[in-house]
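Peer 1: Here it is: the structure, laid out below.
Read-outs: derived from the displayed coordinates by stated rules, not from any lab. Model, not experiment: these values are computed from the prediction. FYI the Cβ positions are ideal-geometry reconstructions off the backbone, even for glycines, and counts take in every protein chain you see.
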Amino acid sequence: MKIIVTGAKGQLGSDVVLQLKNTGIEAICADLPELDITDAAAVEQFIAESGADSVIHCAAYTNVDTAESETEICRKINVDGTLNLARSCEKHGLKLLYISTDYVFSGDGCDAFETDSPNFPCNFYGQSKLEGENAALKNCSRCFVVRISWVFGENGKNFVKTMLRLAKERSEISVVCDQIGSPTYTKDLAILLCNMIKTEKYGIYHATNENYCSWAEFAAAIMECSGSEAKIIPIKSSEYKSVAKRPANSRLSKKSLDENGFDRLPPWQDALKRFLNNIN
């Protein structure tokens, strides 16, 4: 079995590559400069010559704030790039697993969003990822869509690393307390993705580590688990200025995992401890 991993040098992609190798599956790394997914001809040639069975599509434009002004490049990567992959996968009979986001939802209410809940993205990044979902599902018949949130891993920038850095610089850190969701540890997610791609249980899934928290609660746990004495000051979203709107509710229902026999990811509290042990 051979699996192409786009964004193979990124935070999630690098852990997917590692997990594939650990389970004896050949990973074909597809990142710049090896492959520009926005180049349809290059994608077609890469897939046609790869001999691969599947694509796990981790590559994406992910800067939520700059996406508001860089709409063209954001859409080119998240939508056009995904469309190119989907069409070539369909042509050559490959499976496609597309990574999406909680941002495809409005963030309203307090209930967990189901996989078929109405989509009303609250910012351009979310809109581009929703259009990417549609491009994948409509153009590739063997398609998985996996929505994730609050991602952290050893490779790349993330909230946990930011909090650890700020804890060394400040005695107090202000963090929003009215946005609720679930962190997702890339090592745990990679195990699920590599198991899922071996099946034919196509469709839309939600996959985050178990349990919900606010960003402030997540930050407080980071301080406690890392032994930092920095104090977390909870603030309202209205007190924290950002270019793009963030969803207040990022709770995602995992029913689709249960119904298709996939294991849920461990609690985020456990994942955080393992992450901190790994980086130390």
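Peer 1: Within the chain, which DSSP H helices have Cα atoms that stretch 27 Å or more along the helix axis and a mean Kyte-Doolittle hydropathy of at least 0.0?
Peer 2: Helices passing the filter in the chain: none found.
Peer 1: In 10 Å bins starting at 0, how do the alpha-carbon pair distances of the chain split up by percent?
Peer 2: 7, 29, 37, 21, 6, 0
Peer 1: Please work out how much length the chain gains when fully extended from Asn134 to Glu72, using 0.36 nm per residue of separation minus the C-alpha to C-alpha distance, in nm with one decimal.
Peer 2: Full extension of this stretch gives 20.5 nm more.
Peer 1: I would also like to ask the following. Please report, in debye to the nearest 20, how large the charge dipole of the stretch 176-280 is about its Cα centre when each Lys and Arg carries +1 at its beta carbon and each Asp and Glu carries -1 there.
Peer 2: With only Lys, Arg, Asp and Glu charged at Cβ, the dipole is about 280 debye.
Peer 1: Name the long-range amide H neighbours of Ile173: under 5 Å, sequence gap of 5 or more, or other chain; modelled H, no Pro or chain starts.
Peer 2: Under 5 Å from the amide H of Ile173 lie the amide H atoms of Lys231, Ile232, Ile233, each far enough along the sequence or on another chain.
Peer 1: Based on the Cα atoms of the stretch 225-280, what semi-axes does the equivalent ellipsoid have, where each is the square root of 5 times one gyration tensor eigenvalue, given in whole Å with the largest first?
Peer 2: Here the semi-axes work out to 28, 23, 9 Å.
Peer 1: Fewest to most neighbouring Cβ within 10 Å: what's the order for Cys225, Cys143?
Peer 2: Cys225, Cys143
Peer 1: When the Kirkwood radius is taken over all Cα pairs of the stretch 128-280, what Stokes-Einstein diffusion coefficient follows at 20 °C and 1.002 mPa s, in µm²/s?
Peer 2: 127
Peer 1: Place a +1 charge on the Cβ of each Lys and Arg in the stretch 58-194 and a -1 charge on the Cβ of each Asp and Glu, then give the dipole magnitude about the Cα centre in debye, rounded to the nearest 20.
Peer 2: 680
Peer 1: Give the whole-number value, in cubic angstrom per residue, of the convex hull volume spanned by the C-alpha atoms of the stretch 1-84.
Peer 2: It comes to 80 Å³ per residue, whole-number rounded.
Peer 1: Still on this structure, please answer the following. For the ranges 58-70, 190-202, what's the packing order if you count other beta-carbon atoms within 10 Å of each residue, average per peptide, and put the highest first?
Peer 2: 58-70, 190-202
Peer 1: How long is the gain from Tyr240 to Glu34 if the chain were fully straight, where each residue apart is worth 0.36 nm and the alpha carbon distance is subtracted?
Peer 2: Difference between extended and current length: 70.3 nm.
Peer 1: Another question, then. Taking K and R as +1 and D and E as -1, what net charge do the other residues with C-beta under 14 Å from the C-beta of Ala216 add up to?
Peer 2: Around Ala216, the surrounding residues sum to -2.
Peer 1: Which Cα, out of Ile222, Leu94, Asn277, lies furthest along the positive dipole direction of the chain (beta carbon charges, K/R +1, D/E -1)?
Peer 2: Asn277
Peer 1: Nothing charged except the Cβ atoms of Lys and Arg (+1) and of Asp and Glu (-1): what's the magnitude of the dipole of the chain about its Cα centre? Round to the nearest 20 debye.
Peer 2: Dipole magnitude for the chain comes out near 300 debye.
Peer 1: Pick out, from Ile197, Cys143, Ile180, the residue whose Cα sits farthest towards the positive end of the charge dipole of the stretch 132-280, with +1 on the Cβ of Lys and Arg and -1 on the Cβ of Asp and Glu.
Peer 2: With unit charges placed on the Cβ atoms, the residue in question is Cys143.
Peer 1: Rank by packing, highest mean first: peptides 244-257, 152-165, with packing defined as the count of other Cβ atoms within 10 Å averaged across residues.
Peer 2: Going by the mean number of other Cβ atoms within 10 Å, highest first, we get 244-257, 152-165.
Peer 1: Taking every DSSP beta bridge that has both residues in the chain, what percent is antiparallel when rounded to the nearest 5?
Peer 2: Counting DSSP beta bridges with both partners in the chain, the antiparallel share is about 5 percent.
Peer 1: Normalising by the residue count of the chain, find the relative contact order in percent from Cα pairs under 8 Å and 6+ residues apart.
Peer 2: Computed value for the chain: 21 percent relative contact order.
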